[in-house]
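**Student:** This is the structure I have questions about; it appears just below.
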Amino acid sequence: MNKKNKLFIASKNKGKIKDFENLFKSYEIESLLDYSIDDVEETGTTFTENAFLKAKTISEELNIVVISDDSGLECSALNGAPGIHSARYAKDHDDLANNKLLLENLKGKNRSAKFVSVICLYYPNGDHYLFRGEVEGIILEEFRGTGGFGYDPLFFIESLHKTFAQMEIAEKNKISHRARAIEKLTNSKLL
């Protein structure tokens with residue numbers, strides 16, 4: 001892990017891992033998909049707590065430097081929901097079901113929202129660093145685009161007149177919540 005060419009991401013989420021691969025092109029990305037290790041149960045009450053918990057648990061288990069991310073969608077009209085429950089909002093890690101439930105719960109309400117990402121860089125000696133990224137948008141009433149994952153087909157960036165799902169991956173990775181958190185990590189010179 002001390003080599004500059006390898007990063008370990010504490011996730012089994014293929015969409016999230018793909019984002020990391022695109023944002024860290026000069027690194028070889030390894031993840032929980034490469035090991036027979038269970039994903040860490042997210043028992044925290046905030047993105048920060050969950051990112052820390054995942055990174056710490058995997059770092060201690062494998063004795064390596066780990067990067068973890070907890071991220072999700074926060075809707076103003078829903079008091080921040082789905083928030084830390086974004087991936088399982090409709091109970092089953094089903095993107096379509098999550099999106100349909102979100103649309104149902106937002107009927108007739110303010111549609112402003114933001115994506116939030118908190119990244120934790122955790123070292124086996126216990127040193128750790130947290131980086132937060134956010135991006136503002138609105139939730140559309142219908143799906144647009146076929147790219148991305150999760151809530152991307154509904155999350156609309158007004159200044160670009162596109163949803164995340166309508167963007168090329170390179171375009172999304174210039175403005176996304178995860179890109180903003182990773183930029184802070186990269187600028188920290190800790191890697």
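**Student:** Compactness ratio of the stretch 49-101: Cα Rg over 2.2 N^0.38 Å, N = residue count?
**Tutor:** 1.41
**Student:** Mean-square fluctuation check for the chain, GNM, Cα pairs under 10 Å: which of S112, S86, S26 is largest?
**Tutor:** Answer for the Gaussian network model of the chain: S26.
**Student:** Which three numbers, in whole Å and largest first, are the semi-axes of the equivalent ellipsoid of the chain derived from its Cα gyration tensor as √(5λ)?
**Tutor:** Ellipsoid half-lengths, sorted descending, are 28, 18, 14 Å.
**Student:** About the Cα centre, and with charges only on the beta carbon of Lys, Arg (+1) and Asp, Glu (-1), how big is the dipole of the chain? Nearest 20 debye, please.
**Tutor:** 500
**Student:** Per residue, how big is the convex hull around the C-alpha atoms of the stretch 81-191? Give it to me in cubic angstrom, could you?
**Tutor:** Here the figure is 117 Å³ per residue.
**Student:** Can you give the extra length, in nm with one decimal, that the chain gains between T46 and T186 once fully stretched, where that is 0.36 nm per residue apart less the Cα-Cα distance?
**Tutor:** Answer, rounded to one decimal: 48.1 nm.
**Student:** Run the numbers for K6 and I37: contour at 0.36 nm per residue of separation, minus the present Cα-Cα distance, in nm.
**Tutor:** Answer, rounded to one decimal: 9.3 nm.
**Student:** Could you work out how much longer the chain between R144 and L160 gets when fully extended? Use 0.36 nm per residue separation minus the Cα distance between them, nm to one decimal.
**Tutor:** Length gained, R144 through L160: 4.4 nm.
**Student:** Next question, about the same structure. Between N125 and L103, what is the FRET efficiency for a Förster distance of 45 Å, r being their Cβ-Cβ separation, to the nearest 0.05?
**Tutor:** 0.50
Every number here is computed from the coordinates shown, using simple stated rules; none is lab data. Source: prediction; values computed, not measured. Cβ atoms come from the backbone with ideal geometry, glycine included; neighbour counts cover every protein chain shown.
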